[in-house]
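Working notes, structure below.
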Amino acid sequence: MLVVGNGRLITRDDEVQFLENGAVAADGNTIVKVGSADEVKKAYPDAEFIDAKGGVIMPAFINTHEHIYSSFARGLSINGYNPQGFLDILDGMWWTIDRHLTLEQTRLSAMATYIDSIKNGVTTVFDHHASFGAITDSLFKIEEAAKETGVRACLCYEVSDRDGGEKAKEGVMENASFIKHALADDSDMIAGMMGMHAQFTISDATMALCAANKPDGVGYHIHVAEGIEDLHHCLKNYSKRIIDRLMDCDILGDKTIAAHCIYINKHEMELLKETDTMVVHNPESNMGNACGCPPTMAIFHEGVLTGLGTDGYTHDMLESFKVANVLHKHHLCDANAAWGEVPEMLFNGNANIANRYFKKPLGVLKEGAAADIIVTDYNPLTPMSAGNVNGHILFGMTGRSVVTTVGNGKVLMKDRRLTMIDEEKVMADCRQAAADLAKSING
Ligand SMILES: [Zn+2]
């Protein structure tokens with residue numbers, strides 16, 4: 001038994017949204033009680049107690065679009081890299097990195113991403129992986145890292161024809177074998193999807209190969225209209241827009257994630273809504289790649305289930321939250337934009353997306369939900385209440401405010417020290433792997 005208490009409690013549960021001095025009790029991986037600190041401590045006097053020390057107790061974060069393969073890119077300089085547009089960024093940076101990753105470097109990239117996720121209070125990660133130099137078993141290596149660090153993971157490999165038909169097929173088969181493995185696992189900690197890079201690198205034949213090998217019960221995870229080039233390619237080669245092509249290939253549906261959706265129109269938004277397809281917004285990545293601002297507010301108001309990811313740009317969901325908030329205000333020249341929509345995407349959208357793959361309720365502190373709990377050291381000046389918690393989080397916290405992270409009932413980080421692994425040893429291995437990768441890229 002575990003009790004986290006002595007702090008301001010944000011539940012994301014409509015019944016009791018906020019308690020000034022609250023606590024949460026977990027039995028194994030399940031929350032069994034949420035209430036006032038006195039009430040919960042009295043009910044479970046012998047439980048291990050985590051003292052929030054007057055900080056904020058809330059549900060752990062969920063990241064619905066991440067790229068483990070980008071772990072060793074920070075500070076990496078690639079000889080001759082001088083991108084003139086989005087396609088140069090893909091080929092010159094990301095595809096160059098992933099073509100050089102060994103299986104062991106993929107595993108260590110996952111360790112580095114998961115460690116940083118835990119430090120930012122993220123306990124559930126939807127990853128979109130590529131390692132065209134070593135495809136087979138790559139998702140299983142990432143799963144090893146997820147288990148070792150205690151992170152809940154939904155994995156996929158990004159199928160693409162960019163390196164030829166054999167590699168595309170190998171990617172499809174890696175997805176298929178991992179999805180089958182995940183469907184047979186009853187831990188509720190691992191899931192799989194059929195990953196696809198983007199329609200402009202996938203022929204109709206490869207689309208069909210994905211469909212033929214995708215087990216029932218899971219969907220696709222694909223980049224959609226991230227660059228204007230993707231739309232131009234689709235119009236030129238298929239005489240239709242991207243969402244129409246995905247509809248015709250039977251890719252859309254309530255288990256499918258369409259990341260970005262920058263160059264989509266009203267008709268395509270209606271198709272996403274009709275098919276109950278999920279959309280994940282990654283504001284910093286879109287800005288950094290000079291791809292443009294997606295019509296996320298319009299997609300949200302169309303009624304599409306919309307979440308927030310990081311696209312590997314950061315592992316801090318609060319960084320993504322802050323940037324999404326200002327991006328849409330700036331883009332729409334509307335100081336009232338995004339106040340309601342962006343918190344809804346981070347706190348409810350991501351939870352609803354995650355619960356299309358995981359059974360136990362996530363992103364909420366209530367009886368029966370998964371014991372994924374964080375404590376932050378934020379101590380508000382303006383009194384906190386159910387009506388203003390999102391303003392406090394937006395302006396008062398960063399990922400580094402998280403001091404304690406509990407994932408699936410296990411204490412993964414306490415007082416900013418990881419408890420499951422020897423962080424120094426793992427980071428030393430990651431540092432060596434990053435150096436080896438840089439050397440193999442630049443020769
Ligand atoms: Zn992405």
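The values are calculated or read from the model by the stated rules, or taken from the named source; none is laboratory data. Not measured: the values here are computed from a predicted model. Methodologically, a virtual Cβ is constructed for each residue, glycine included, from the backbone with ideal geometry; neighbour enumeration extends over all protein chains shown. Ligands, DNA and RNA are stripped out before the accessible areas are found, and what is left, the full protein with its side chains, is counted by its heavy atoms. Shrake-Rupley method; radii C 1.70, N 1.55, O 1.52, S 1.80 Å.
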- Matching option when the condition is farther than 30 Å from F132 by Cβ and of a type in the set (S, T, N, Q), among S440, S385: S385
- Query: Taking only pairs six or more apart or across chains, which ones have beta-carbon atoms under 8 Å, a first residue in the range 316-333 that is under 16 Å from I118 (Cα atoms), and a second residue that is among the small types (G, A, S) and surrounded by fewer than 23 Cβ atoms within 10 Å (Cβ to Cβ)?
  - Reply: D316/G399; M317/G399; L318/G399; L318/S401; E319/G399
- Keeping to the range 223-245, report how many residues are in a helix (DSSP H, G or I) and within 16 Å of the ligand (Cβ to nearest atom). 3
- Applying the selection to the range 14-40, what residues are buried (at least 17 other Cβ atoms within 10 Å of the Cβ) and either modelled with pLDDT under 95 or in a loop (DSSP other than H, G, I, E, B) (or both)? N29
- Item | Some residue of the range 253-267 being assigned to a helix (DSSP H, G or I), within 15 Å of the ligand (Cβ to nearest atom) and closer than 21 Å to A337 by Cβ | no
- Message: Six or more apart or on different chains, Cβ atoms under 9 Å: show the pairs whose first residue is in the range 121-141 and within 16 Å of the ligand (Cβ to nearest atom) and open to solvent by 10 Å² or more (accessible area, probe 1.4 Å) and whose second is part of a loop (DSSP other than H, G, I, E, B) and modelled with pLDDT under 95.
- Response: none
- Query: Of (1) closer than 25 Å to V406 by Cα; (2) crowded, with 22+ Cβ neighbours inside 10 Å; (3) of a type outside the set (V, I, T), P294 satisfies all except one. Which?
  - Reply: (1)
- Message: Just checking, does the range 121-133 include any residue being part of a loop (DSSP other than H, G, I, E, B), over 21 Å from the mean Cα position of the chain (by Cα) and either modelled with pLDDT of 95 or more or closer than 30 Å to S401 by Cα (or both)?
- Response: yes
- Query: Of all residues in the range 316-353 being of a type in the set (A, V, I, L, M, F, W, C) and within 16 Å of the ligand (Cβ to nearest atom), which is most open to solvent (accessible area, probe 1.4 Å)?
  - Reply: V323
- For A60, indicate whether it is more than 30 Å from A23 (Cβ to Cβ), touching a residue at least 40 places away in the same chain (Cβ under 8 Å) and surrounded by 24 or more Cβ atoms within 10 Å (Cβ to Cβ). no
- Item | So G396, is it on the phi > 0 side of the Ramachandran plot, surrounded by fewer than 20 Cβ atoms within 10 Å (Cβ to Cβ) and out of contact with any strand residue (DSSP E or B) (no Cβ under 6 Å at 6 or more places or on another chain) | no
- Look through A112, A146 and report the one residue that is more than 16 Å from the ligand (Cβ to nearest atom), within 14 Å of A182 (Cβ to Cβ) and either part of a helix (DSSP H, G or I) or out of contact with any Leu (no Cβ under 9 Å at 6 or more places or on another chain) (or both). A146
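I'm trying to understand the selection: among the residues of the range 87-103, which are within 22 Å of the chain's Cα centre (by Cα) and either open to solvent by 10 Å² or more (accessible area, probe 1.4 Å) or of a type in the set (S, T, N, Q) (or both)? Explain how you work it out, then say what you get.
Narrowing the range 87-103 to residues within 22 Å of the chain's Cα centre (by Cα): 89-90, 93-95, 97-98, 101, 103.
Matches in the range 87-103: I89, L90, M93, W94, W95, L103.
Of the residues A208, A212, A198, which single one is over 16 Å from the mean Cα position of the chain (by Cα), within 15 Å of the ligand (Cβ to nearest atom), farther than 21 Å from N350 by Cβ and not polar (S, T, N, Q)?
Testing whether each residue is over 16 Å from the mean Cα position of the chain (by Cα), within 15 Å of the ligand (Cβ to nearest atom), farther than 21 Å from N350 by Cβ and not polar (S, T, N, Q) leaves just A198.
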- Note on the structure: Here the residues within the range 150-178 that are of a type in the set (V, I, T) and crowded, with 24+ Cβ neighbours inside 10 Å are V151, V159
- Message: Scan the range 298-315 and tell me whether some residue there is in contact (Cβ under 8 Å) with a residue 24 or more places away in the chain, within 16 Å of the ligand (Cβ to nearest atom), surrounded by fewer than 23 Cβ atoms within 10 Å (Cβ to Cβ) and of a type in the set (S, T, N, Q).
- Response: yes
- With respect to the numbered conditions (1) among the acidic types (D, E); (2) under 25 Å from D116 (Cα atoms); (3) more than 18 Å from the chain's Cα centre (by Cα), which one is the sole condition not fulfilled by E158? (3)
- May I ask you to list the residues in the range 286-297 that are out of contact with any strand residue (DSSP E or B) (no Cβ under 8 Å at 6 or more places or on another chain), closer than 20 Å to I222 by Cβ and within 13 Å of the ligand (Cβ to nearest atom)? N289
- Message: Going residue by residue through the range 264-283, is there one that turns out to be open to solvent by 20 Å² or more (accessible area, probe 1.4 Å) and touching a residue at least 40 places away in the same chain (Cβ under 8 Å)?
- Response: no
